[in-house]
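All remarks here apply to the structure that follows.
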Number of protein chains: 4
Amino acid sequence: MVGIAVLGAGRIGKIHAANVAASKFATLVVVADPFADAAARLADELGAEAMTDCEAAIDRADVDAIVIGTPTHTHINLMLRAVRQGKAVLCEKPIDLDMAKSLAAVEEVERLNGRVMLAFNRRFESTFAQMRAAIEAGEIGDVRQVIITSRDPGLAPEDYIEHSGGIFRDMTIHDLDIGRWLLGEEPVELTAIGSRLIDPALMEKYDDYDTAMVQMQTASGKQCHINNCRQAVYGYDQRIEVFGSTGMLQMDNLRPTTIRRWSQEVTDAREPLLNFFLERYQQAYKSELDAYIDALVHKKPMPITVQDGLKALQLADAAVESVKTGRAVSL
Amino acid sequence: MVGIAVLGAGRIGKIHAANVAASKFATLVVVADPFADAAARLADELGAEAMTDCEAAIDRADVDAIVIGTPTHTHINLMLRAVRQGKAVLCEKPIDLDMAKSLAAVEEVERLNGRVMLAFNRRFESTFAQMRAAIEAGEIGDVRQVIITSRDPGLAPEDYIEHSGGIFRDMTIHDLDIGRWLLGEEPVELTAIGSRLIDPALMEKYDDYDTAMVQMQTASGKQCHINNCRQAVYGYDQRIEVFGSTGMLQMDNLRPTTIRRWSQEVTDAREPLLNFFLERYQQAYKSELDAYIDALVHKKPMPITVQDGLKALQLADAAVESVKTGRAVSL
Amino acid sequence: MVGIAVLGAGRIGKIHAANVAASKFATLVVVADPFADAAARLADELGAEAMTDCEAAIDRADVDAIVIGTPTHTHINLMLRAVRQGKAVLCEKPIDLDMAKSLAAVEEVERLNGRVMLAFNRRFESTFAQMRAAIEAGEIGDVRQVIITSRDPGLAPEDYIEHSGGIFRDMTIHDLDIGRWLLGEEPVELTAIGSRLIDPALMEKYDDYDTAMVQMQTASGKQCHINNCRQAVYGYDQRIEVFGSTGMLQMDNLRPTTIRRWSQEVTDAREPLLNFFLERYQQAYKSELDAYIDALVHKKPMPITVQDGLKALQLADAAVESVKTGRAVSL
Amino acid sequence: MVGIAVLGAGRIGKIHAANVAASKFATLVVVADPFADAAARLADELGAEAMTDCEAAIDRADVDAIVIGTPTHTHINLMLRAVRQGKAVLCEKPIDLDMAKSLAAVEEVERLNGRVMLAFNRRFESTFAQMRAAIEAGEIGDVRQVIITSRDPGLAPEDYIEHSGGIFRDMTIHDLDIGRWLLGEEPVELTAIGSRLIDPALMEKYDDYDTAMVQMQTASGKQCHINNCRQAVYGYDQRIEVFGSTGMLQMDNLRPTTIRRWSQEVTDAREPLLNFFLERYQQAYKSELDAYIDALVHKKPMPITVQDGLKALQLADAAVESVKTGRAVSL
């Protein structure tokens, strides 16, 4: 059994902790969070110990591996502390909002041969995974265009926006990772546009955008489009289309039921989408953790690395630069 | 050019007359209807003569072929008059509401080698036709079950109900014909149920039903289900499913556009269906007439015969008997 | 914690045992099955005791409630033994293949105020449950027609067919229960047809059918159609349509992913359906067990009773009689 | 009756000529094309005169209005000749491949108060038209993002590519027009990327691209994405999504039938799309001509003007510039 410490008892920590607790191959040793109440409540519920000191949790002898779900600015310190002790890490994205710090951290991880997995959970969602598998199996020939639609159900509260790092580093970064992954090649050029259509004053205040588009291409000419919005009245919208030389794959949204409604006003109507990422990616979070534990138990390479985290952050930074300068950015 | 007389200037006569007038291979010679105004208006619009005497219209030397769109009780007389003069007939269904009279008429037509086509227009609708072609091409192997859904958008007015011959002879008869046609074998047993759910008093008054189901099977065991209702709030509902040993074919409704609407309440919602049969089967009426004229011009056999009309009426009569007796009826 | 004994370690027993073991409110005390190996393997995996004597398992002091997943002919004895000891029972359908025995058992259960829940798991499937809730909320007005499609992916092996009680008591019985439940009224008349289209020799041998249709109606005239087939090449097909006076609800199949494929041959193509009931109704089995335990813990009435089991069996028997006699059967 | 001359007897001229001939409010006076055979064949079939001299056709006293379907480089001369004689013009897009010439022509048309309609036929397609109407009716609140997918079924022959003006001026121009029209505001910035994925040698030869994306925004921040490809194995792909503050509209492709196919390999599969624009936009071409004739008969303003032609060409030119420079282009 792998002994695991989950750092962070917030929204994302709760999911990881529950998945660790349910695993047959791991033990949830400790939940650590400076907010003692949150840590205690979550640890209690799952039969683990609670601590307020995340570093001490890493240091425990009965802890073999770490899951980091704390605020972004704490990621690097916790990750490196664990790596230096030879412990494995599953770290929520992004590594850090600052590129230079991220780069230094990645170099340090690689110098130490650290085992760190970046938590791009969508790659483990079963439909995403099967799309990628179908592409690799040659089902649609050569990929030509990837179209990613990703819209949140509602604008996050101001304090979230304030610390989010902006739409491109917080929200688009997931789509940039999936874009890279489905293109099967690195993008070499990127252009982005950003708008303030939902709450212009709030976006102005934090120099952020609530509605965005990104366009990028690889050296061989494969193209990717991403569209994002912080608010879609019909729910959390997650769709992908991959168009290739011999076919196309489309991924539709998940919905709570398969019911279609007919009335005097509409036919074939389906319900609004699953509200948000915790519901939409429930299976993905579980499969992600299973993949992490599987890599630990069977000493496999990490399925997603810090390099992936770095590349996604580079693309997000390029998007920010493109919006500011009105120019395409070469990568 | 085939000279054609259209008898009846009502709803269905108008469609046939317009299609004749638009044909490259036929001339609309005359529109005849005892209602002089209706005949004149329609004839005028399409550049034809108007008459009030249907029999005289049949008798004209410049008329080679007839289209009968008059009330049901007049069908047999007009059909036989035309046949006796060696003129071809396209006759709206049913031949007559009375089985004995229909049988006698069919025998007379056959004795005279009359060329009469029964107007089961749905067989010419392009989706219906392609389903049948796919079945014949063996695409789904052996047919096992045919499921037909057929619901009207709204209850017809009382005077229509009064003279309709009842739901089975008026409405279900189309589905019975399509059932026979898609099964590819004659049904040998039929059971029907009828209910009065929309306007019980009206249905009671005419000993009729507004909601019905029919179940039938062929000698080899192929099965068919039909469901009907005189009123569907979402529009004119026409769907078919044919389930076979190696696959299945489903026919969806036509809708005015391909738009899907998303809002706070619904996703993927489509508009209500095309309102009624004139819109839904517009192409079918045109193709039906083209097939009639093609049979005339190229001296081909009629694509649908009086025997088809008789078989459908037998099935409708069996449905009525089944509802009255609560028993399966052997055919 | 409710102490539970699961009787039967076969396909269905395994599901129930795993769900009991995962419940927060119940303990899986013992798994009993005359096949010692099967019992031991399942009990082991879930941390419970294994027994070969089902009756002894019922009698244990640490067992409060029973789940019966043994062969049909053993249901009544086990059920009554438990009831006589004041223990609750969740019993797989049907109560018995024999109507008289079933009736006597139900009378005995009721005389003893026994707490027995019949395992019609589909009522707990989330889409089914939400359809029923929508109907009860008046979303589609008065129900007029219920159309149930239910087809298995492949013909069961001969020894299953031999002991199944026939298609109507084994397969259709689920749909008859759902039909009753969605109609919201008891059917008063039923007609069935049965065919031998997949393996006529096998069906002949056991006087059974592989393809069937049922048509029934309630006293107020609500109608229900069911179609069944033991083999559908595209997978386990479970669809329902409920048509009402102000709208319609349709339940589509579940599929493994939401991917749609486009190629030179097809567009919008989805994958074959989930293979069979264990996958399709996984959530339903879990929710069913949760409802059973919830009724036990909170002393609520059983959500599905032996009367429901009896009614479904009566309908199945009526279907058999209708096929044999070629007549509608009054209930 | 409006007397109309159709100039050009090629693919597009044939459509316009047939639609003129079928109109109740117009007479097809003459078909003119330097290819005498083509002109004669088409004129013959539709009962019109044939000429080889397009200018002479414009000059005829019995010609009130012109439809220009000749090669692009001839558009301006013919258009201006007609305008100078006070005759109305329906001109195929683009006005010209050269911006300066187009601008001069538009100025001349406006100076002369010429009545010229640009043939952006898609605006008249019923689904497009209803999407725009729904947007204008406020159904989805404020438009935020327009996503246009437009892919041809197969690469055009080399001589078409050679004279096409390139993918942006030939193919994207339609989508740029529709983008402007659905955004309801002028784009102020545009970025494009182009790739050579289908036939790199051919595209290299003509400095053209076979796969492209465009991203643009308006002053208020509304965004539009367009993706194009010269070859989609599944057919002519024409889809639009308009995402707004209170809802979303999606336009799906038209398909020949509504049949869905189920087999061992796929479920819910639909057939490949209508092959190409003549089939897909058949109704649009007819409605476009009706709108032109309606504007002539009722002396209404032209529904699409030379300014619309100019704007679309400016956007196409900006796309070309953006691909060449790798920069966003301000408009």
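Here are the numbers for this structure:
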{"item": "Residue in region D:80-102 that is without any contact (Cβ under 8 Å) to a residue 24 or more places away in the chain and more than 25 Å from residue D:160 (Cβ to Cβ) present", "result": "yes"}
{"item": "Matching residues in region D:189-210 - criterion: being in contact (Cβ under 8 Å) with a residue 40 or more places away in the chain and away from chain A (no Cβ under 11 Å)", "result": "D:199, D:202, D:206, D:207, D:208"}
{"item": "Positions within region A:94-107 being surrounded by fewer than 21 Cβ atoms within 10 Å (Cβ to Cβ) and of a type in the set (Gly, Ala, Ser), in sequence order", "result": "A:100, A:104"}
{"item": "All positions within region D:275-298 that are surrounded by fewer than 20 Cβ atoms within 10 Å (Cβ to Cβ) and assigned to a loop (DSSP other than H, G, I, E, B)", "result": "D:275, D:276, D:298"}
{"item": "Restricting region B:180-196 to residues that are small (Gly, Ala, Ser) and open to solvent by less than 10 Å² (accessible area, probe 1.4 Å), the residue that is nearest to residue B:322 (Cα to Cα)", "result": "B:192"}
{"item": "Which listed residue, of C:230, C:239, is in contact with an Asp or Glu (Cβ under 7 Å, 6 or more places away or on another chain) and closer than 28 Å to residue C:75 by Cβ", "result": "C:230"}
{"item": "The one condition in (1) touching a residue at least 60 places away in the same chain (Cβ under 8 Å); (2) outside any helix (DSSP H, G or I) that residue D:131 fails to fulfil", "result": "(2)"}
{"item": "Residue count for region B:127-145, restricted to those that are open to solvent by 40 Å² or more (accessible area, probe 1.4 Å) and either among the acidic types (Asp, Glu) or touching a helix residue (DSSP H, G or I) at 6+ places or on another chain (Cβ under 6 Å) (or both)", "result": "3"}
{"item": "Residues located in region A:242-274, provided they are buried (at least 21 other Cβ atoms within 10 Å of the Cβ), within 18 Å of residue D:211 (Cβ to Cβ) and either at the interface with another protein chain (Cβ under 7 Å from one of its Cβ atoms) or not aliphatic (A, V, I, L, M) (or both)", "result": "A:243, A:244, A:247, A:248, A:249"}
{"item": "Breaking point among (1) assigned to a loop (DSSP other than H, G, I, E, B); (2) at pLDDT 95 or above; (3) of a type outside the set (A, V, I, L, M), for residue D:264", "result": "(2)"}
{"item": "Options D:154, D:221, D:165: the member that is in a loop (DSSP other than H, G, I, E, B) and facing another protein chain (nearest Cβ under 8 Å)", "result": "D:221"}
{"item": "Any hit, region A:311-330, residues being assigned to a loop (DSSP other than H, G, I, E, B), surrounded by fewer than 18 Cβ atoms within 10 Å (Cβ to Cβ) and touching a residue at least 60 places away in the same chain (Cβ under 8 Å)", "result": "no"}
{"item": "All positions within region C:91-140 that are small (Gly, Ala, Ser) and on the phi > 0 side of the Ramachandran plot", "result": "C:138"}
{"item": "Region A:1-25 residues that are in a strand (DSSP E or B), paired with ones that are open to solvent by 10 Å² or more (accessible area, probe 1.4 Å) and acidic (Asp, Glu) (beta carbon under 6 Å, 6 or more apart)", "result": "A:2/A:64; A:3/A:62; A:3/A:64"}
{"item": "Residue within region D:108-126 that is more than 28 Å from residue D:236 (Cβ to Cβ) and open to solvent by less than 20 Å² (accessible area, probe 1.4 Å) present", "result": "yes"}
{"item": "Test result for residue D:291, in contact (Cβ under 8 Å) with a residue 40 or more places away in the chain, over 16 Å from residue D:117 (Cβ atoms), under 19 Å from the mean Cα position of the chain (by Cα) and more than 7 Å from every other protein chain (Cβ to nearest Cβ)", "result": "no"}
{"item": "Flag for residue A:177 being modelled with pLDDT under 95 and part of a helix (DSSP H, G or I)", "result": "no"}
{"item": "Positions within region C:276-288 being more than 12 Å from every other protein chain (Cβ to nearest Cβ) and of a type outside the set (Asp, Glu), in sequence order", "result": "C:276, C:277, C:278, C:281, C:282, C:284, C:285, C:286, C:287"}
{"item": "Qualifying positions in region C:66-75 - touching a strand residue (DSSP E or B) at 6+ places or on another chain (Cβ under 9 Å) and either surrounded by fewer than 23 Cβ atoms within 10 Å (Cβ to Cβ) or in contact (Cβ under 8 Å) with a residue 40 or more places away in the chain (or both)", "result": "C:66, C:67, C:68, C:69, C:70, C:72, C:74"}
{"item": "Lone qualifier among C:62, C:53 - being in contact with a Ser or Thr (Cβ under 9 Å, 6 or more places away or on another chain), over 16 Å from residue C:113 (Cα atoms), surrounded by fewer than 16 Cβ atoms within 10 Å (Cβ to Cβ) and acidic (Asp, Glu)", "result": "C:62"}
{"item": "Residue within region C:48-64 that is within 23 Å of residue C:162 (Cβ to Cβ) and of a type outside the set (D, E, K, R) present", "result": "yes"}
{"item": "Selected residue (only one of B:177, B:199 is open to solvent by 20 Å² or more (accessible area, probe 1.4 Å) and among the acidic types (Asp, Glu))", "result": "B:199"}
{"item": "Residues of region D:184-214 satisfying the condition of being in contact with a Leu (Cβ under 9 Å, 6 or more places away or on another chain) and over 21 Å from residue D:163 (Cβ atoms)", "result": "D:186, D:187, D:188, D:189, D:190, D:214"}
{"item": "Residue in region C:203-218 that is nearest to residue C:144 (Cα to Cα), counting only those that are touching a Ser or Thr at 6+ places or on another chain (Cβ under 7 Å) and part of a strand (DSSP E or B)", "result": "C:217"}
{"item": "Residue D:38 being buried (at least 24 other Cβ atoms within 10 Å of the Cβ), touching a residue at least 24 places away in the same chain (Cβ under 8 Å) and closer than 12 Å to residue D:8 by Cβ", "result": "no"}
{"item": "First in region A:211-240 and surrounded by 24 or more Cβ atoms within 10 Å (Cβ to Cβ), second anywhere and in a strand (DSSP E or B) and among the aromatic types (Phe, Trp, Tyr), Cβ under 6 Å, 6 or more apart", "result": "A:234/B:262"}
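Every residue, every condition in (1) modelled with pLDDT of 95 or more; (2) assigned to a helix (DSSP H, G or I), yes or no:
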position	(1), (2)
D:56	yes, yes
D:61	yes, no
D:67	yes, no
D:73	no, yes
D:77	yes, yes
D:80	yes, yes
D:89	yes, no
D:94	no, no
D:97	no, no
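The values are calculated or read from the model by the stated rules, or taken from the named source; none is laboratory data. Treat the numbers as computed from the prediction; the structure is a model and nothing was measured. Note: ideal-geometry Cβ built from the backbone for every residue, glycine included; neighbour counts use all protein chains shown. Note: areas computed on protein heavy atoms with side chains; ligands, DNA, RNA excluded. Shrake-Rupley method; radii C 1.70, N 1.55, O 1.52, S 1.80 Å.
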